[in-house]
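Following: one structure in structure tokens, then a few remarks.
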Amino acid sequence: MYPLIRNRRLRASESIRRLVRETVVTPDDFLVPLFVVEGKGIKEEIPSMPNYYRLSLDNLEKETKELWKMGLCAVLLFVKVPDNLKDNKGTEALNEEGLMQRAIKTVKNACPDMLVMTDVALDPYSSYGHDGIVADGQILNDETSEVLAEMSVSHAQAGADFVAPSDMMDGRILIIREALEDEGFQHTGIMSYSAKYASAFYGPFRDALDSAPVDIANVPKDKKSYQMDFANRFEAIRETQMDIDEGADIVMVKPGLCYLDIVREIKNEVDVPVAVYQVSGEYAMLKAAAEKGWLDHDAVMMEQLIAIKRAGANIIASYFAKDFIRVIG
């Protein structure tokens, strides 16, 4: 006897597959990371991230306008700070005329409706390459959080719509939220890197910003004392709920593909938007495999993006945003 129910009827053609498709990625899902450097006329390809660039402010302006025309409506800004401006306290991060502050203004002047999120962490500004202040072989939590709050206020003053603390210090969301409220920035949002794992997938990003931890005596050689252990699952839910309780508007899981179980766990537990950062290592691996002819770049990219959205992501921070627009035409 033949089955009355045949699931394949709903897969028989592209038209029916499109009609019943459960998960769809659109340009509105993307948060586009951008790397900013000092100078003029600079569009410098990052060797470990093919077709991705460090941009001077004039080219940041052009890129912003191009992204908006492509239908992409949100950017996440990172800055590469010259070595002579780095120290252990992130002093340059608080400079009202610093590169981040000028980058925010550049984007907003170029496209006022573009949503601007900003990286809040000390590693781009640190002479030690850490997300916090280093003392006696430790990363200082509370002292770092105070600086992060000042950074956040400075970004809000420059015009940022959201600040995005990526440091994983305990309690920093509450301190940042209170600082923003005290300075009248009650409408400035916080996207917290709530479940950020100590991952080996960040290598190309650290090349892009020259922000890897330095290998010198009495300085931690990695970030495992503050970023999460990648073996842990329930800890991610606890970290995320704490950030929400402290005032986070959006929470993030980072990296992406190896942590989709975490994305789903968090999505099932919380009622705020969930972001996923598809990180530099994920981007670099696919670019390298495609260059070798081992994988179909566009097909695998689309499969990965769908997987992230299917797992529960409302927002995808991804270096593939423009590639995605190209593919969907």
Requested in this report: Rounding to the nearest 20 debye, state how big the charge dipole of the chain is about its Cα centre with +1 on each Lys and Arg Cβ and -1 on each Asp and Glu Cβ.
Outcome: 2040
Query raised in the report: Taking every DSSP beta bridge that has both residues in the chain, what percent is antiparallel when rounded to the nearest 5?
Result: 20
Report summary line: What helix-only [θ] at 222 nm does the chain give? Using -39500 (n - 2.57) per DSSP H run of at least 4, over all residues, to the nearest 500, the answer is -11500 deg cm²/dmol
Report task. Specify the angular offset, from 0 to 90 degrees and rounded to the nearest 10, of the alpha carbon long axis of helix 99-110 from the longest principal axis of the alpha carbons in the chain. Result -> 50
Query raised in the report: Within the range 42-136, what percent of beta bridges assigned by DSSP are antiparallel, to the nearest 5?
Result: 45
Query raised in the report: Measuring from centroid to centroid over Cα atoms, what is the spacing of the range 52-110 and the range 166-213 in Å?
Result: 16
Query raised in the report: Taking a 18 Å limit on the Cα-Cα distance, which of the listed pairs 254/292; 80/287; 43/196; 86/196; 196/224; 43/292 fall beyond it?
Result: 254/292; 80/287; 43/196; 86/196; 43/292
Requested in this report: Please pull out the direction-averaged projected area of the range 1-139, using the convex hull of its alpha-carbon atoms, in nm² to one decimal place.
Outcome: 14.7
**Report entry** Segments 101-107, 299-305, 39-45 sorted - mean Cβ within 10 Å per residue, highest first
**Finding:** 101-107, 299-305, 39-45
Query raised in the report: Against the longest alpha carbon principal axis of the chain, how many degrees, from 0 to 90 and to the nearest 10, is the axis of helix 260-269 turned?
Result: 80
Report task. Mind listing the long-range amide H neighbours of residue 32? Cut-off is under 5 Å, sequence gap 5 or more, other chains count too, H placed in the peptide plane at 1.01 Å from N. Result -> 74, 75, 76
**Report entry** Peptides 224-234, 258-268 ordered by average Cβ neighbours within 10 Å, highest first
**Finding:** 258-268, 224-234
Report task. Determine the per residue accessible area of the range 182-329 with all protein chains present and a 1.4 angstrom probe, expressed in square angstrom. Result -> 45
Report summary line: Excluding ligands, DNA and RNA, the carbon-plus-sulfur percentage of the accessible area of the range 22-132 with a 1.4 Å probe reads 48
Requested in this report: Express in Å², to the nearest 10, the accessible area of residue 23 obtained by rolling a 1.4 Å probe over the protein heavy atoms while all chains stay in place.
Outcome: 30
Query raised in the report: With every protein chain left in place, what is the accessible area of residue 194 in Å² (1.4 Å probe, nearest 10)?
Result: 0
**Report entry** Residue of 100, 169, 242 that the Gaussian network model of the chain assigns the largest fluctuation, springs spanning Cα pairs under 10 Å
**Finding:** 242
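The values are calculated or read from the model by the stated rules, or taken from the named source; none is laboratory data. All values reported here derive from a predicted model rather than from experimental measurement. So basically every Cβ, Gly included, is an ideal-geometry build from the backbone, and we count neighbours across all protein chains shown. These area figures cover heavy atoms from the full protein model, side chains too; ligands, DNA and RNA do not enter into them. Shrake-Rupley method; radii C 1.70, N 1.55, O 1.52, S 1.80 Å.
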